[in-house]
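Engineer: First the structure, then my questions, so here it is.
The values are calculated or read from the model by the stated rules, or taken from the named source; none is laboratory data. None of the values given here were measured: they were computed from a predicted structure. A quick note on method: Cβ atoms are made from the backbone with ideal geometry, for glycine too, and the neighbour counts reach across all protein chains shown. All accessible areas refer to the heavy atoms of the entire protein, side chains included, with ligands and DNA or RNA removed. Shrake-Rupley method; radii C 1.70, N 1.55, O 1.52, S 1.80 Å.
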Amino acid sequence: MTSPLSSDLTLQETVERALARSKADGCVVIATESSSANLRWANNTLTTNGVMLTRSLTVVATVAGSSGVSSGVITRSVTTSDEIDAVVQAAEDAARDNVSAEDARPLIEGDAAADWAEPPAQTSIRVFDTFAPALGDVFGRARGDGTHHYGFVEHNLTTTYLGSSTGLRLRHVQPTGYVTMTGKSADLTRSAWVGQATRDFADVDATALGAELDRRLGWSKRRIELPAGRYETLMPPTAVADLMIYAYWTMSARDAQDGQTVFSKPGGGGTRVGERLSQTPLNLRSDPTYPGLECAPFVVAHASSSAQSVFDNGLSLGTTDWIRDGELSALATTRHSAGLTGLPVTPYVDNLILDVPDGPASIDDLVANTQRGLLLTCLWYIREVDPQTLLLTGLTRDGVYLVEGGEVVGEVNNFRFNESPVDLLGRFAQTGATVPAFSREWGDYFPRVAMPALRVPDFNMSSVSQAS
């Protein structure tokens, strides 16, 4: 366990001390405490568990000069009041040494939130009280049939206190949890994966996750070699999340305005906001209040970039429709980039939801209605090939299965794929219901996602992979 941020000050007092010590023209202070618990297992046995407490302090100092306002940002772990003062001084020194900030805007004003005085939230190993015994039962069944289970669970409660020299005092508690489980055959030649995000583990059914692993390992007993090519492909919500999260991360209005992304107007001169991306009236949106995916309702920026600004810290966030009824309706903006692009101020929100009007079909329903195609459970090692089309490449992993006559009939070899998630939005043929979806590739960084399953008529498996 790490040392407290300050042995003699609460986090609120830490924020107030930093603000009081600041001699800058403006100052934003962000103090966070993260309490986490975890379990790890291998070969049907728990191997490690732990509880950690970490704290950090970020100081944003702004200084007005003859050519504009400059900013300095310093983030450190500190343990004494003197070290808090040193962070403030370092931020002010950086601000005075830096050139004027392009994204400079007046700091957000406000008052103290009703929960400002509340202490940080903390988790404990008890959060796994229901999950751990059920996991033990999964281990017992695995030993009986000779399979091996590996995995990791983590639960984190991060409390953020944000204060500014303009009077703003905000607090937010973010619960984040996830489970990732891999099953291997007795001879270790076959594997399958399942994962789930959660706020508190009350909704995690270890028995059901273990049963799904067993089902997928059962599918893999028959091996079928297939060549590269375009296949009708069923993508569960987890695999859809692998691609759509990446698309969301590229939705910077500033980058689009500069002609750098798939959301840039062809030939330059603006963004594609207002253009139709799909004939299906789908909605890609973010909502800080979405049930089960709740996230910070205000901007928390520890650095400035094309997609966020430290000057926007504390700015209120609401529901944003990035794609509405199939039409690109917004891109991520700061107050600065909104002015450059002529778009509304719509900062990034820490969740993502894809809604497609269709029946409440599950991935099993899509399988049952498939004459021949692939079931693609997850992707990995995803990299960008062409930013202008958002062409991505990567590999399949831990389970690509052949579907024939409405049933999964075996496992196929792995592939390298080449696909654009933006292009897929205009090509899919059928969808399932939108449900929480934990991305295999990005879930550790971005777990608050809800996606539907998709049927893609011609998913591009560009080459056979030797990955196993």
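Engineer: Do we have Thr377 as within 30 Å of Pro106 (Cβ to Cβ) and of a type in the set (S, T, N, Q) here?
Structural biologist: Numbers: within 30 Å of Pro106 (Cβ to Cβ): no; of a type in the set (S, T, N, Q): yes.
It is false that Thr377 is within 30 Å of Pro106 (Cβ to Cβ) and of a type in the set (S, T, N, Q).
Engineer: Which members of segment 62-77 meet the condition of being touching a residue at least 40 places away in the same chain (Cβ under 8 Å) and either of a type in the set (S, T, N, Q) or over 20 Å from Ser305 (Cα atoms) (or both)?
Structural biologist: Result: Thr62, Ser71, Thr75, Ser77.
Engineer: Residue check: is Arg383 surrounded by 15 or more Cβ atoms within 10 Å (Cβ to Cβ), modelled with pLDDT of 95 or more and of a type in the set (Lys, Arg)?
Structural biologist: Taking the combined requirement at face value, the residue does not satisfy it.
Engineer: Quick check: is even one residue across segment 334-345 open to solvent by less than 10 Å² (accessible area, probe 1.4 Å) and either assigned to a strand (DSSP E or B) or hydroxyl-bearing (Ser, Thr, Tyr) (or both)?
Structural biologist: Yes, the conditions are met somewhere in segment 334-345.
Engineer: Grab the strands (runs of 3 or more DSSP E) fully contained in segment 391-462, keeping just those with 2 or more residues being out of contact with any Cys (no Cβ under 7 Å at 6 or more places or on another chain) and open to solvent by 10 Å² or more (accessible area, probe 1.4 Å).
Structural biologist: Fully inside segment 391-462 and qualifying: 391-396, 407-412, 415-419.
Engineer: Checking Ser6 against (1) polar (S, T, N, Q); (2) touching a helix residue (DSSP H, G or I) at 6+ places or on another chain (Cβ under 6 Å); (3) modelled with pLDDT of 95 or more, only one condition comes out false. Which one?
Structural biologist: All conditions are met except number (3).
Engineer: As an exercise: evaluate Asp93 against (1) within 23 Å of Arg169 (Cα to Cα); (2) assigned to a helix (DSSP H, G or I); (3) of a type outside the set (Ser, Thr, Tyr) and give the number of the one condition it does not meet.
Structural biologist: (1)
Engineer: In segment 241-259, how many residues are of a type outside the set (Gly, Ala, Ser) and closer than 15 Å to Pro452 by Cβ?
Structural biologist: Here is the first cut: in segment 241-259, the residues of a type outside the set (Gly, Ala, Ser) are 242-246, 248-251, 254-255, 257-258.
Subsequent filtering for residues that are closer than 15 Å to Pro452 by Cβ retains 242-245.
Number of matching residues: 4.
Engineer: While we're on this one: If we keep just the residues of segment 173-200 that are within 18 Å of the chain's Cα centre (by Cα) and not in a strand (DSSP E or B), which is nearest to Leu379 (Cα to Cα)?
Structural biologist: Going through the qualifying residues, I end up with Arg199.
Engineer: Which of the residues belonging to segment 309-342 are within 28 Å of Asp423 (Cβ to Cβ) and among the small types (Gly, Ala, Ser)?
Structural biologist: Listed by number, the residues that qualify are Gly326, Ser329, Ala330, Ala332, Ser337, Ala338, Gly342.
Engineer: Count, please, the residues in segment 95-112 that happen to be buried (at least 16 other Cβ atoms within 10 Å of the Cβ) and in contact with a Lys or Arg (Cβ under 6 Å, 6 or more places away or on another chain).
Structural biologist: 1
Engineer: State whether one or more residues within segment 356-367 are among the hydrophobic types (A, V, I, L, M, F, W, C), surrounded by fewer than 19 Cβ atoms within 10 Å (Cβ to Cβ) and under 30 Å from Ala31 (Cα atoms).
Structural biologist: No, segment 356-367 has no match at all.
Engineer: For residues that are in contact with a Phe, Trp or Tyr (Cβ under 9 Å, 6 or more places away or on another chain) and open to solvent by 10 Å² or more (accessible area, probe 1.4 Å), scanning just segment 40-61, find the one that is nearest to Ala86 (Cα to Cα).
Structural biologist: Once the filter is applied, the top-ranked residue is Asn49.
Engineer: Still on this structure, I have one more. What is the residue count in segment 116-128 for residues that are open to solvent by 40 Å² or more (accessible area, probe 1.4 Å) and among the hydrophobic types (A, V, I, L, M, F, W, C)?
Structural biologist: 2
Engineer: For segment 183-198, give me each residue that is surrounded by fewer than 19 Cβ atoms within 10 Å (Cβ to Cβ), touching a residue at least 24 places away in the same chain (Cβ under 8 Å) and of a type outside the set (A, V, I, L, M). Reasoning before the result, please.
Structural biologist: The first filter runs over segment 183-198 and keeps only residues surrounded by fewer than 19 Cβ atoms within 10 Å (Cβ to Cβ), leaving 185-189.
If we keep only those that are touching a residue at least 24 places away in the same chain (Cβ under 8 Å) too, we end up with 185-186, 188-189.
Passing the criteria: Ser185, Thr189.
Listed here are the residues, each with its yes/no results for (1) part of a loop (DSSP other than H, G, I, E, B); (2) under 27 Å from Phe438 (Cβ atoms); (3) open to solvent by 10 Å² or more (accessible area, probe 1.4 Å); (4) of a type in the set (Val, Ile, Thr).
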site: Gly259; (1), (2), (3), (4): yes, no, yes, no
site: Gly269; (1), (2), (3), (4): yes, no, yes, no
site: Ser278; (1), (2), (3), (4): yes, yes, no, no
site: Tyr290; (1), (2), (3), (4): yes, yes, yes, no
site: Phe311; (1), (2), (3), (4): no, no, no, no
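Engineer: Right, another one. Condition first: modelled with pLDDT under 95 and either touching a Gly at 6+ places or on another chain (Cβ under 7 Å) or surrounded by fewer than 15 Cβ atoms within 10 Å (Cβ to Cβ) (or both). Can you find one or more residues in segment 226-242 that meet it?
Structural biologist: no
Engineer: Which pairs turn up if I take residues in segment 123-148 that are on the phi > 0 side of the Ramachandran plot and look for partners that are of a type outside the set (A, V, I, L, M) and open to solvent by 60 Å² or more (accessible area, probe 1.4 Å) with beta carbon separation below 9 Å, at least 6 apart in sequence or on another chain?
Structural biologist: Gly146/Asp187
Engineer: Of everything in segment 129-156, what is open to solvent by less than 40 Å² (accessible area, probe 1.4 Å), of a type in the set (Gly, Ala, Ser) and closer than 19 Å to Trp219 by Cα? Give them in sequence order.
Structural biologist: Within segment 129-156, Ala142, Gly146 meet the criteria.
Engineer: Would you say Ser304 is open to solvent by 50 Å² or more (accessible area, probe 1.4 Å), without any contact (Cβ under 8 Å) to a residue 40 or more places away in the chain and at negative phi?
Structural biologist: In short, no.
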